[in-house]
Amino acid sequence: MAEIAEDVKTLSFEAALEQLEQIVQKLESGRAPLAESIAIYERGEALKAHCEMLLKTAEARIEKITLSREGKAVGTEPLDAN
């Protein structure tokens with residue numbers, strides 16, 4: 001996987017995703033010269049890796065609310081607990 005550039009590491013998920021979407025549009029349009037296409041593709045890889053890391057971090061923090069028999073919240077447990 002591509003190394004995440006320092007400037008990419010500071011982006012929020014939303015900002016990184018927006019940049020990634022712009023890169024995809026530009027690459028799909030065919031408007032960029034080859035050298036630029038390669039450079040923006042590499043940046044896209046870094047943005048993708050950053051977004052994946054942020055999503056995994058968020059997923060680890062999500063908890064499922066547990067309910068009593070009466071339907072009242074009594075605590076939380078990890079989302080993936082069975």
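The values are calculated or read from the model by the stated rules, or taken from the named source; none is laboratory data. Because the structure is a prediction, the values reported are computed rather than measured. A quick note on method: Cβ atoms are made from the backbone with ideal geometry, for glycine too, and the neighbour counts reach across all protein chains shown. Accessible surface areas use protein heavy atoms only, side chains included; no ligands, DNA or RNA. Shrake-Rupley method; radii C 1.70, N 1.55, O 1.52, S 1.80 Å.
Let me spell out the model: positive unit charges on the Cβ of Lys and Arg, negative unit charges on the Cβ of Asp and Glu, origin at the Cα centre of the chain. What dipole size does that give, in debye rounded to 20? Can you show the working numbers first?
Working: 10 positive and 16 negative charges, 55 e Å.
Approximately 260 debye in magnitude.
Under a Gaussian network description of the chain, with springs only between Cα atoms under 10 Å, the residue in Ala39, Ala16, Ala49 that fluctuates furthest is Ala39.
Under 8 Å for C-alpha pairs, at least 6 residues apart: give me the relative contact order for the chain, rounded to a whole percent. Intermediate results must be reported in sequence, preceding the final value.
Details: 65 pairs, mean separation 24.6, N = 82.
Relative contact order here is 30 percent.
Given a 1.4 Å probe and every protein chain left where it sits, what share in percent of the accessible area of the stretch 1-68 is carbon and sulfur? Mind dumping the intermediate values first?
Working: 2870 of 5020 Å².
Taking all protein chains in place, the stretch 1-68 shows 57 percent carbon and sulfur surface.
Mean residue ellipticity, 222 nm, helices only, the chain: the sum of -39500 (n - 2.57) across DSSP H runs of n ≥ 4, divided by residue count and rounded to 500, is -20000 deg cm²/dmol. How far, in degrees from 0 to 90, does helix 34-61 lean away from the longest principal axis of the Cα atoms of the chain, to the nearest 10? That works out to roughly 10 degrees. Principal-axis analysis of the Cα atoms of the chain puts helix 13-29 at an angle of about 40° to the longest axis.
Restricting the stretch 1-58 to trypsin sites (Lys or Arg not before Pro) that sit in a DSSP loop and have at most 15 other Cβ atoms within 10 Å of their own Cβ leaves Arg31. Under 16 Å of direct C-alpha separation, and excluding same-chain neighbours fewer than eight residues apart, Lys9 reaches these lysines: Lys48, Lys56.
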